[in-house]
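Have a look at the structure below, then the notes.
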Amino acid sequence: MCQKTFQPTAVFKKDEKNGGYFVFCPTVEGVFSQGETIEEAREMIKDALEGVIEAALEEDIENYFNTDEYIPKRNEIVEPININKKLQVAVSIRIARERHGYTQRQLARKIGIKQQHISRYEKGVVVPSADRFLELLEA
């Protein structure tokens, strides 16, 4: 069965005292922001999220992304955040590989490609073809 793709979420809380919204991403550690309106908070968390994901992928930080479902608390709004598709593909491949305990080299051998290809896919340098992407997630 195929893995589902990575879909980060954001949790918005209205700041009753000062106005505006505080927002954080339970899917990616250390990502939070704020905005005067919920629309501004959405834009800010998307920018912060993409920056942190790029850094985590570049640094090859293992087991960094959280795929557990977040259970909202009272007065929280939880929404998916649409990030750059290249980053979404890179993180999806990374999560699937880590979930199954493969190194990049092991995964590459399993599907008959070079380890460098896996590394480039996971860093978002290259996007695999649709067929290769499905093959990676299924492996």
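Checked against a 26 Å cut-off, the cross-linked pairs Lys17/Lys85; Lys46/Lys86; Lys85/Lys114; Lys46/Lys114; Lys13/Lys86 give Cα-Cα distances beyond that limit for Lys17/Lys85; Lys46/Lys114; Lys13/Lys86. Extents of the stretch 85-138, taken as max minus min of Cα coordinates on every principal axis and listed largest first, are 25, 20, 18 Å.
Over the stretch 9-80, Cα pairs under 8 Å with separation of 6+ residues give a relative contact order of 35 percent.
Structural descriptor for the chain: relative contact order 26 percent, calculated from alpha carbon pairs under 8 angstrom and at least 6 residues apart. Each of Ala96, Ile45, Cys25 was placed along the dipole of the chain (beta-carbon charges, centred on the mean Cα), and the one lying farthest toward the positive end is Ala96.
Relative to the Cα centre, the charge distribution of the chain, modelled as +1 at Lys and Arg Cβ and -1 at Asp and Glu Cβ, gives a dipole magnitude of about 640 debye. Here the alpha carbons of the stretch 9-80 define both size measures, Rg and Dmax, at 12.7, 40 Å. For volume of the Cα convex hull per residue in Å³, one of [x] 111; [y] 281; [z] 102 was computed from the structure I shared and the rest are decoys. Which label? The listed entry that was calculated here is [z]. Classified by the C-alpha gyration tensor, the stretch 40-105 has an oblate form. Its axis ratio a/c, with a ≥ b ≥ c, is 1.5 or above, and a/b does not exceed b/c. Would you list the membrane-span-like helices of the chain, meaning whole DSSP H runs whose alpha-carbon atoms span at least 15 Å along their axis and whose mean Kyte-Doolittle value is at least -0.5? Within the chain the helices that satisfy the rule are 38-58, 85-99. Residues Arg74, Arg120 in ascending order of nearby Cβ atoms (within 10 Å, fewest first): Arg74, Arg120.
Computed extension gain for Glu59 through Val78, at 0.36 nm per residue and net of the alpha carbon distance, reaches 4.0 nm.
None of the figures in this text is laboratory data; all of them are computed from the coordinates on show. In this text the structure is predicted, and so the values were computed from the model without any measurement. Cβ sites come from the backbone with ideal geometry, for glycine too, and all protein chains shown count toward neighbours.
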